[in-house]
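A quick write-up on the structure given underneath.
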């Protein structure tokens, strides 16, 4: 065994219960190596696709802790944490199911991420570099959730779950983050004008939650975005996350817009999406249909090939689900949430398939987030062009500030490389 293998050998693992940003219980895993240390906690979504991995075995956090101590620790001690694929395949073998129902997806992803952090620490390289190698050198644009509704806002806001902004014209990540903050800040004043009862309430992801309709939200957002574009000289594109699975009523076979008092058939839903895209020049449309409606995804994608038709619940970062989407030409972009599928390796396999098929990958947070900045490293390491992080809230800003640090690190590295190549004399 070489020196590098010695320092990355797993010596011990530990687990504890902690809380996510919604105050819900989750698990945090520590991985101790001979020459390094890593720690990570599992995030959790409020609107989870039904094809995601099981979060806790038996839906019980204590069962997850017991499974970790009984099955995971004995099998991982002594392995090389630098071999991420080996660690993640071992987690799959330990569990023995496709959906991590034995040990829980929360245990699996927390262990996978903690192992990666520990290996990067031992090898003295940034985590994004450990994940993606020297090709990991691009910073993704931040997709910011500025107005919230749907399940994330406990149905107190618009029926559409997220109203998003993407500062595609920003020259760097610092400016991009600043633009999103400015849009979020200015919206507070404008939203109070259209909803006098609005007092600044925010949802799970830090987005404003006014009692207004979908179209009124888009009217206000469009106005503010135009002002910020003019003042900051940066182009910003609009987006929405419909989270249509949470609107879908299987018995009625209709989408129920409860706050607006409207029911839409699948065909009416398609026409409504088309209407919103054209009226508001929406660039990014996530989950416009429920998680089994591949045909409507395909039809909307064919109508708007120049827009991002994004699948989240329909794909759940799953290779087989994405393969079906590729065959049926459903969507042209995919949300990547490592916790949906259980390990970094599985998530990487999905993102690599997406890139080969011409899909745009978007690495995304969850509504129940942790205080870690790992997602920024995962997005850069996976070479994703976009990252959904929210805008406000400590658990969101952690990811954004980490992106700025990575950008600064890459900039300094580039300057040093240039100095070294200057001929003497």
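Computed from the coordinates by the stated procedures, all read-outs in this text should not be read as laboratory data. Predicted model, so just to flag it, every value in this text is computed and none were measured. Neighbour counts are summed over all protein chains in view; Cβ atoms, including those assigned to glycine, are modelled from backbone coordinates with ideal geometry.
With the crude spin-label approximation of a point 7 Å out along Cα→Cβ, what separation in nm comes out for residue 327 versus residue 93?
The two pseudo-label positions are separated by 3.0 nm.
Pick from 329, 356, 264: which is most flexible by mean-square fluctuation in a GNM of the chain where alpha carbon atoms under 10 Å apart are linked?
Residue with maximal mean-square fluctuation among 329, 356, 264: 356.
Could you line up 198, 315 from fewest to most neighbouring Cβ atoms inside 10 Å? The partial results should precede the final answer.
Details: 198 17, 315 32.
Placing the least packed residue first, the sequence is 198, 315.
For the ranges 303-314, 367-378, 49-60, what's the packing order if you count other beta-carbon atoms within 10 Å of each residue, average per peptide, and put the highest first? Each step should come with its number before you reach the end.
On the way: 303-314: 21.2, 367-378: 23.7, 49-60: 18.2.
My ranking of the peptides, most packed first, is 367-378, 303-314, 49-60.
Taking the Cα centroid of region 35-55 and of region 138-169, what is the distance between the two, rounded to the nearest whole Å?
Comparing the Cα centres of region 35-55 and region 138-169, I get a distance of 21 Å.
Angle, helix 394-421 long axis vs. longest principal axis of the chain, Cα atoms, 0 to 90°, nearest 10?
60 degrees
Sequence gap at least 6, Cα distance under 8 Å: using those rules, report the relative contact order of the chain to the nearest whole percent. Show your work: numbers first, answer last.
Numbers: 931 pairs, mean separation 78.9, N = 425.
Once normalised by length, the contact order is 19 percent.
Could you give the spread of the C-alpha atoms of region 223-354 along their three principal axes, from largest to smallest, in whole angstroms?
42, 41, 26
To the nearest 10 degrees, how steeply does helix 344-356 sit against the main Cα axis of the chain, on a 0 to 90 scale?
60 degrees
Over region 132-413, what is the percentage of antiparallel beta bridges among all DSSP beta bridges, to the nearest 5? Please report the intermediate quantities before stating the final value.
Working: 15 of 35 bridges.
The antiparallel proportion sits near 45 percent.
Stokes-Einstein at 37 °C, 0.692 mPa s, Kirkwood radius from Cα pairs: D for region 3-124 in µm² s⁻¹? Please report the intermediate quantities before stating the final value.
Values: Rh = 14.2 Å.
The Stokes-Einstein estimate is 230 µm²/s.
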